[in-house]
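Each value in this text was obtained by applying a stated rule to the coordinates, not by laboratory testing. What you see is a predicted model; the values in this text were computed from it and never measured. Heads up, the Cβs are rebuilt from the backbone with ideal geometry, glycines too, and the neighbour counts pull from every protein chain shown.
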Amino acid sequence: MPEQRKTFHQELDEIRDDVVRLGALVGELIPRGTEVLLTNDMHGAQLVIESDDELDDLSLRIEEQCYHVLALQQPMASDLRSIVTGLWLTGELERSGDLMVNVAKGARRIYGVTLDPKLRGLIERMSEEASRLMTFALDAYAERDASLGVAIDDIDDALDTLHGDYIEAIFESHATHDIGLQASVQLALIGRYYERIGDHAVNIGQRVQYMVTGWLPEQTGAARLVARRSLAAEIGAEIPDLGAESKQ
């Protein structure tokens, strides 16, 4: 193998390792953020918030490495998809970390509010599901497992169901346990943060599928649009251009 090519694949391995490391840091934040929320640990909340700087620093370094390889190596086919996927995953993971920082900030805003056992239990279960989804997503990426990546979308249904139960529990608690409106709103936002982490895990799974196979879910929609336009042309109808409408 030529030395230049060997160096190129070493760089690809470094990008993959750094993305996995970023994912591991995010994965650690999920239970940490949940613990500070449930224990009213304000010092721990501040540490979670400050840890975002490390995530941002690593995210920037991964992006710079990806741009460096794209500019100097001009990769093709699967190598190009691997780098583009690394860039995409970095954004998904960094935003997931931001969501747990938001959980820690929410914990500070509801400091002193007593959560009933049902709410606490649902928060713990949402945290566990979010952690599980993120673990699956990172495993799919590290192992280039497109099948696992696709399966994450279905696995995410459990977190969506928990989120719906959690919102109902907030209304119940507001009515029966005297949790104020402001605290109820903050709790609803916190639940949304966990649910969004699941969505990011699903996005990662889809990008892993793209990395391995070259296929994206959006391509199915694009194919349907082409088919509709072709049919419309045959019968003399028109398909509205939504993009043109949005520019008006």
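What do you get for the angle between helix 3-39 and the principal long axis of the chain? Use alpha-carbon atoms, 0 to 90 degrees, nearest ten. Approximately 20 degrees, to the nearest 10. Using only Cα atoms and rounding to the nearest 10 degrees, what angle (0 to 90) does helix 157-176 make with the longest principal axis of the chain? Roughly 30 degrees between the two axes. Look at where the Cα atoms of segment 70-114 and of segment 133-207 average out, and the two centres are 16 Å apart. Each of 215, 88 was scored by other Cβ atoms within 10 Å of its Cβ. Listed from fewest to most, they are 215, 88. For the chain, the mean residue ellipticity at 222 nm estimated from helices alone is -30500 deg cm²/dmol, where every DSSP H run of n ≥ 4 contributes -39500 (n - 2.57) and the total is divided by all residues, rounded to the nearest 500.
Short-range pairs are left out: with C-alpha atoms under 8 Å and at least six residues apart, the relative contact order of the chain is 23 percent. Between residue 177 and residue 151, the modelled label-to-label distance comes to 3.5 nm, taking each label 7 Å out from Cα in the direction of the beta carbon.
Across segment 3-215, Cα-Cα pairs more than 33 Å apart make up 22 percent of the total. Please label the shape of segment 126-166 as rounded, prolate or oblate, based on the square roots a ≥ b ≥ c of the eigenvalues of the alpha-carbon gyration tensor (a/c under 1.5 means rounded; beyond that, a/b larger than b/c means prolate, else oblate). Judged from the Cα gyration tensor, segment 126-166 comes out oblate (a/c at least 1.5, b/c at or above a/b).
Of the peptides 197-205, 131-139, 53-61, how do they stack up when ordered by the mean number of other Cβ atoms within 10 Å, highest first? Walk me through the numbers on the way to the answer.
Numbers: 197-205: 24.9, 131-139: 21.8, 53-61: 14.6.
Final packing ranking: 197-205, 131-139, 53-61.
Kindly express, to the nearest 10 degrees and within the range 0 to 90, the angle between helix 117-143's C-alpha long axis and the longest C-alpha principal axis of the chain. The two axes meet at around 20 degrees. Here the residues 35, 195, ranked from fewest to most Cβ neighbours within 10 Å of their Cβ, fall in the order 35, 195.
Computed from backbone phi, the HN-Hα couplings of segment 72-87 come to 8, 9, 6, x, 10, 6, 5, 5, 5, 5, 5, 6, 4, 5, x, 5 Hz, rounded to whole numbers (Karplus: 6.51 cos²θ - 1.76 cosθ + 1.60, θ = phi - 60°; Gly and Pro given as x). Take every Cα pair under 8 Å whose residues are at least 6 apart in sequence, average their separation, divide by the length of segment 1-129, and the relative contact order is 40 percent.
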